[in-house]
1. Add -39500 (n - 2.57) for each DSSP H run of 4 or more in the chain, then divide by its residues: what number comes out at 222 nm, to the nearest 500 deg cm²/dmol?
2. Quick check: the distance between the Cα centres of the range 114-173 and the range 1-39, to the nearest angstrom?
3. Under the rule that an exposed site lies in a DSSP loop and has at most 14 other Cβ atoms within 10 Å, name the longest stretch of the chain with no GluC sites (Glu not before Pro) of that kind, not counting the sites themselves.
4. Quick one: Debye curve from the C-alpha atoms of the range 48-161, no solvent, what's log10 I(q)/I(0) at q = 0.15, 0.20 Å⁻¹?
5. Angle between the Cα long axis of helix 6-21 and the longest principal axis of the chain, 0 to 90 degrees, nearest 10?
6. Projected onto the charge dipole of the chain (+1 at Lys/Arg Cβ, -1 at Asp/Glu Cβ, origin at the Cα centre), which of Ile57, Asn158, Gly104 gives the Cα projection farthest towards the positive end?
7. Would you mind checking the tilt of helix 159-184 against the longest principal axis of the Cα atoms of the chain, expressed as 0 to 90 degrees and rounded to 10?
8. On C-alpha positions alone, give me the angle between the axis of helix 75-84 and the longest principal axis of the chain, in degrees, nearest 10.
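The values are calculated or read from the model by the stated rules, or taken from the named source; none is laboratory data. Please read all numbers here as calculations on a predicted model, not as lab measurements. Quick reminder, even Gly has a Cβ in these numbers, built from the backbone with ideal geometry, and neighbours come from all protein chains shown. To get the accessible areas, we keep the full protein, side chains included, count just its heavy atoms, and leave off ligands, DNA and RNA. Shrake-Rupley method; radii C 1.70, N 1.55, O 1.52, S 1.80 Å.
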Amino acid sequence: MTGVPEKVLATMQEVGRDLYQLGLVSSHGGNLSIREGAGMWITGTGTMLGRLRERHIAHVRPDGTYVGPPPSSDTVLHSTIYAMTGAGAVAHAHPRHAIALSFGTDRFVPIDFEGQHFLKAVPVVEQGPNQAAQIAAALQEAVAVLLRGHGAYARGANLWETLHWLTALEESAQVAILAGLARERPGPAG
């Protein structure tokens with residue numbers, strides 16, 4: 001066991017369950033982390049966010065060593081985000097409408113009020129060898145970033161804030177898609 005603090009475990013369980021129940025991650029998709037000093041608590045590789053237990057969470061020290069299960073394959077990315085931003089938590093999810101929009105733009109600008117208010121604009125980063133640095137750099141300004149064709153990363157003061165940004169992103173993406181579909185439909189006959 002890693003001795004995960006009760007509050008860290010409870011928050012990761014609740015946010016992970018919400019992401020799964022909202023369809024923002026598949027059974028074994030996504031990852032969560034909470035900064036602790038120069039280290040972090042992070043979900044293990046391939047864990048089920050909807051069914052997190054203490055045995056699924058690793059503590060990663062500043063030197064990269066860890067206690068607990070093998071940490072997420074995104075551990076270096078989370079560390080880079082923490083190093084480049086003031087984030088207290090990072091979440092990665094696979095919001096399907098936002099992913100669909102990532103194929104057609106380099107920057108998603110929401111058309112709905114909530115998206116405009118909270119997200120402003122969401123950069124889209126290409127997959128590749130520099131994606132961790134590009135995502136972390138984009139998160140210095142933005143609260144959420146899309147990795148084209150893969151998913152979204154959000155940073156926040158805590159995991160609840162990252163959940164807010166990810167759900168707002170998916171809602172904005174869905175609204176944008178529905179609005180586009182509405183414009184393509186023929187008007188009333190007559």
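1. Helix contribution divided over all residues of the chain: -12000 deg cm²/dmol.
2. First find each Cα centre; the distance between them is then 17 Å.
3. The longest such stretch corresponds to 1-125.
4. -0.69, -1.15
5. Orientation of helix 6-21: about 30 degrees from the principal axis.
6. Most positive-ward Cα: Ile57.
7. Relative to the chain, helix 159-184 is tipped by roughly 20 degrees.
8. On a 0 to 90 degree scale, this one is about 80.
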